[in-house]
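Here, each number is a calculation from the coordinates, and none is a lab measurement. Here the structure is a predicted model, which means the values were calculated and not measured. With ideal geometry, Cβ positions are generated from the backbone for all residues, glycine too; neighbour counts draw on all protein chains shown.
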Amino acid sequence: MQAQAVIDEAIRGRRTHKVFQPEPLPSELISEILDLARWAPNHKLTNPWRFRVIGPEAKERFKLVAEDDKPGSAIKLDRTPTLICASALLQGEDRQRREDLLASAAACYIVLLAAHARGLASYWRSVPVMDSEAGRQALRIGAQETPLGLLHLGYPRQTQRVPERAPVQDVVSFLD
């Protein structure tokens, strides 16, 4: 298959999964996927993305914080055996900070596509408690970092339906 067709299929075929098999991903596979995130477009090559693979103890610490913040929310952290905290290290002037935030979001999407390409399921979830002091401490998020969310990765338990998308003419404008 030509590269264009492979990439097009990866973009169209990736889905949000919230139901995973219980086996954690091997650390080598996680490293392989996160290594690809380093290739996100990044003005001035500041490499602002930060990823923390959350182990069992860190997950329990964060579950306590999440449950305290919003009762019943900690259960969502058990959806997947492999959980990654994504953040952006933001330094410098406002323009650089914005570019680094966007580059870090692109790196997160690369993680999702790389997981999909390997037959894995993924889910990018924003978690407001990550912005709290207790959430930041539980996940070791530095003062100059902005949390982007949790990336859930694992082996899929089911296939996902293709969601409806807005027609291209509804979201694209050509300006003169």
Taking the dipole about the Cα centre of the chain, with the C-beta of Lys and Arg at +1 and of Asp and Glu at -1, give me whichever of G92, I11, H43 is farthest to the positive side.
I11
Hey, what's the Kirkwood Rh for the chain if you take every pair of different alpha carbons, in angstrom?
17.4 Å
Candidate lysines for bridging to K18, where Cα separation is under 20 Å - those fewer than 8 sequence places away on the same chain excluded
K59, K63, K70, K76
Any chance you could run the full-extension gain for R79 through A3? It's 0.36 nm times the residue separation minus the Cα-Cα distance, nm to one decimal.
24.0 nm
Taking r as the C-beta separation of V172 and E60 and R0 as 35 Å, the FRET efficiency to the nearest 0.05 is 0.20
Exposed GluC sites (Glu not before Pro) being those in a DSSP loop with at most 13 other Cβ atoms within 10 Å, the longest stretch of the chain free of them is 1-92
Average projected area [Cα convex hull, segment 112-176], square nanometres
8.2 nm²
What are the trypsin sites (Lys or Arg not before Pro) within segment 130-172 that DSSP puts in a loop, where the Cβ has at most 16 other Cβ atoms within 10 Å?
R140, R157, R161, R165
Derived scalar couplings ³J(HN,Hα) [segment 138-155; Karplus, 6.51 cos²θ - 1.76 cosθ + 1.60; whole Hz; x for Gly, Pro]:
4, 9, 6, 8, x, 4, 8, 9, 10, x, 9, x, 10, 9, 8, 10, x, 7
Given the chain, longest segment not containing exposed loop chymotrypsin sites (Phe, Trp or Tyr not before Pro) (DSSP; at most 15 other Cβ within 10 Å)
40-173
Checking I11, I54, I110 against a Gaussian network model of the chain (alpha-carbon springs below 10 Å), the top fluctuating residue turns out to be I11
Would you grab the residues whose amide H sits under 5 Å from the one on G149? Only those 5+ places off in sequence or on another chain, please, with H modelled 1.01 Å from N.
A86
